[in-house]
Amino acid sequence: MSTGTATKPSAAPKAAGRRKLTWPWILLFVAAALVLFSLVRVISGANDLTSVGQVSGALQLAVPIGLAGLGGLWSERAGVVNIGLEGMMVLGTWFGAWAGYQWGPWTGVVVGLLGGALGGLLHAIITVTFNVNHIVSGVAINILAVGFTQYLSNFTFAEAEGGSSKQSPRIDQITEITIPGLSGWLEDLQGKHWFLISDVAGILGGLVTNLSLLTVVAILLIPGTWWVLWRTAFGLRLRSCGENPVAAESLGVNVYKYKYIAVAISGALAGLGGAFLAIVSTGIYQEGQTGGRGYIGLAAMIFGNWMPGGMAMGAGLFGFTDSLKIRGGAENVHALLLLVAILLVIAALWQMYRKKWVVAAIGAVFAVGFFLWYALTDEVPSQFVDAAPYVTTLLVLALSAQRLRMPKADGLPYRKGQGK
């Protein structure tokens, strides 16, 4: 009697996942970016690209965006989309300025934070308790915040000495830090315009010159958020509400409570960003001074793939391009044309390596176009200079869209006990 040999079904091939970036690779990318920027600076002669003032200005412009993005990260990791970040920032600017000019800047920071938290709490009530569409709630909060602060300004700032219905009196500045000796030495080294060395000196100099204490607090909130959300039991429960709230509830997690906490913290961080604008960036509240930074913060969070480090990179990118138009204007943005052309060449070569010929050809055509634009002109139109930060943000989001993964239950309606 012959016995047949049963063959085991072959295991399904494992899906090839993306490799996680390790620190050596991250440092390699940073070094390559520095070399590229230094090369563009030398070729174009735009020596302000990596100057101490440029980096310092970029950091100051990036902080409010980063705080708004950090707020969006807290909310969306718990499953609540927060389009209302802009309105919460508006509340932070008004309340921060209102308390700041009367009782000092640090009081203004705390009150601005609380003002944003109130906006976050309202968003949580509408979306979590009453299960209203998150986008509708966020837009409504943005509109209400603008109208509410305009109404308050009419009988507060308008009656204060040095204020009006559209701006507050002057607010005292928060202490700034400059490391003596090191700051001056790095600035001198940057002024020599040596390849790479001066660029590194300019970047480091911008981080130790005229640094507001509130900027230091904002920077520390980024690793602090990572530690709380990814290294504590509280963070695990909060993130489970954004991934699978039904499963979280079955394990005893109070989903409503964690969503409320996350959205309130989200509003507080956005309010802190607004207070930073009023107290540190300008020293005064002005109507409409947020300028859409809440939306840009949301874009930075998406670019960062709902992770604190990536979000900080997105905020830094916008702050850098925004600072370019302020310092050197058309000359600096003109140099960016060469940078974009080189990046497109690199991208085209990479697509050729992957045998994606159509994509590579499109990238090469655009690279030639940007290079010709740079070579045949001396400056760019003023309208393009103003739009550069927004165009850069949209391009980066478009190019990074394929690798993004939002929390699975982000924005989905949830009712307590629905899994039973």
Quick one: if you stick a label point 7 Å off each Cα along the C-beta vector at Lys257 and Phe234, how many nm between them? 1.2
With all protein chains present, how much of the accessible area of the range 329-384 (probe radius 1.4 Å) comes from carbon and sulfur, to the nearest whole percent? 75
Whole-Hz Karplus couplings 3J(HN,Hα) for the range 227-243, θ = phi - 60° and coefficients 6.51, -1.76, 1.60, Gly and Pro as x, run 5, 5, 7, 10, 10, 10, 5, 4, x, 5, 5, 5, 5, 5, 5, x, 9
Give me the percent relative contact order of the range 26-127, please, defined on Cα pairs under 8 angstrom at least 6 residues apart. 17
Carbon plus sulfur, as percent of the 1.4 Å-probe accessible area of the range 42-87, comes to 61
May I ask you to derive the relative contact order of the chain, considering only C-alpha pairs under 8 Å and at least 6 residues apart, and to give it as an integer percent? 28
Rounded, prolate or oblate (a/c below 1.5 giving rounded, otherwise prolate when a/b exceeds b/c) for the chain by Cα gyration tensor: oblate
Accessible area expressed per residue, the range 199-293, with surrounding protein chains retained (probe 1.4 Å, Å²): 37
Cα-projected label distance for Ala32 with Tyr390, points at 7 Å along beta-carbon direction, nm: 3.2
The range 284-341 - percent relative contact order, Cα under 8 Å, separation 6 or more: 17
Taking all protein chains as present, what is the carbon and sulfur share of the accessible area of the range 251-297, in % to the nearest whole number, probe 1.4 Å? 60
Just report the Cα centroid separation between the range 34-59 and the range 246-287, whole Å. 34
Would you mind classifying the range 174-329 by shape? Square roots of the alpha carbon gyration tensor eigenvalues, ordered a ≥ b ≥ c; an a/c under 1.5 is rounded, otherwise it is prolate if a/b is larger than b/c and oblate if not. prolate
Based on the Cβ-Cβ distance from Phe155 to Arg415, what FRET efficiency comes out when R0 is 35 Å, to the nearest 0.05? 0.25
Highest mean first, what order results for 50-61, 130-141 on Cβ atoms within 10 Å? 50-61, 130-141
Once you have a ≥ b ≥ c as the square roots of the Cα gyration tensor eigenvalues for the range 291-335, tell me rounded if a/c is under 1.5, and otherwise prolate or oblate according to whether a/b is larger than b/c. prolate
So what J values fall out for the range 343-352 if you push phi through Karplus, 6.51 cos²θ - 1.76 cosθ + 1.60 with θ = phi - 60°, rounded to Hz, Gly and Pro as x? 4, 5, 4, 4, 5, 5, 5, 5, 5, 5
Ranked from the most accessible area to the least, with a 1.4 Å probe and all protein chains present, what is the order of Trp23, Trp194? Trp23, Trp194
Quick one: dipole size for the chain, taken about the Cα centre, charges +1 on Lys/Arg Cβ and -1 on Asp/Glu Cβ, in debye to the nearest 20. 2320
Sites Ile43 and Lys192 - FRET efficiency at Förster radius 22 Å, r taken between beta-carbons, to 0.05: 0.80
Number of Lys pairs in the chain closer than 28 Å at Cα, excluding neighbours under 8 places apart unless interchain, is 16
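The values are calculated or read from the model by the stated rules, or taken from the named source; none is laboratory data. Here the structure is a predicted model, which is why all the values come from computation and not from measurement. So basically every Cβ, Gly included, is an ideal-geometry build from the backbone, and we count neighbours across all protein chains shown. For accessibility, only protein heavy atoms count, side chains too; no ligands or nucleic acids. Shrake-Rupley method; radii C 1.70, N 1.55, O 1.52, S 1.80 Å.
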